[in-house]
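Q: Pasting in a structure now, in structure tokens, and then I'll have a few things to ask.
The values are calculated or read from the model by the stated rules, or taken from the named source; none is laboratory data. This structure is a prediction, so every number in the text was calculated from the model and none was measured. Glycine gets a Cβ as well: all are built from the backbone with ideal geometry, and neighbour counts include every protein chain shown. These accessible areas exclude ligands, DNA and RNA; they are computed on the full protein's heavy atoms, side chains included. Shrake-Rupley method; radii C 1.70, N 1.55, O 1.52, S 1.80 Å.
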Amino acid sequence: MDRTFVICKPDAVERGLVGEIIDRFERKGLSLVAGELRAIDEATARRHYAEHDGKPFFADLVSFITRGPSFLLVLEGPEETWKVVRTLMGTTNPREAAPGTIRGDLGILLTENLVHGSDSPEAAERETALFFPALHV
Ligand code: IDP
Ligand code: MG
């Protein structure tokens, strides 16, 4: 089985959409391996989003992801789970995301786009290790 890492971001928790989002992943055929409501601290947020360090939106991104609790998930499926999740999420900007996707159905703002999903097998491994070190084998 193949695993990936997902964050239901603070906007999803605030809006009461965590159940809806997890429901979509489960209906697709993915299984929960781990799940936890947790406020991400600033140091962890900066490590998680290190690829964006130096970009003009980096400070706002770190403030947003740390502003309240997120629901962190590890999901498992038969193959390319990171890609399955990214397809269900929709494109980064919810305004342009296709109907039927999480972002396309539930969001409008680029800065409040509800979910994070690892964008490669390497990212899935790195992010799982960062947020759920005990799961990392
Ligand atoms: P992703 O979440 O679809 O993988 P990334 O490019 O990794 O998108 O960007 C991380 C997050 O940063 C996005 O989900 C979005 O909320 C935010 N973001 C990306 N580009 C911009 C931008 O140009 N302005 C403001 N926020 C942005
Ligand atoms: Mg990304």
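Q: If we keep just the residues of the stretch 112-122 that are within 10 Å of ligand 2 (Cβ to nearest atom) and either open to solvent by 10 Å² or more (accessible area, probe 1.4 Å) or modelled with pLDDT under 95 (or both), which is farthest from the chain's Cα centre (by Cα)?
A: It comes out as SER120.
Q: Would you confirm, using the coordinates I've provided, whether ALA124 is in a loop (DSSP other than H, G, I, E, B) and among the hydrophobic types (A, V, I, L, M, F, W, C)?
A: On the way: in a loop (DSSP other than H, G, I, E, B): no; among the hydrophobic types (A, V, I, L, M, F, W, C): yes.
The answer is no for ALA124.
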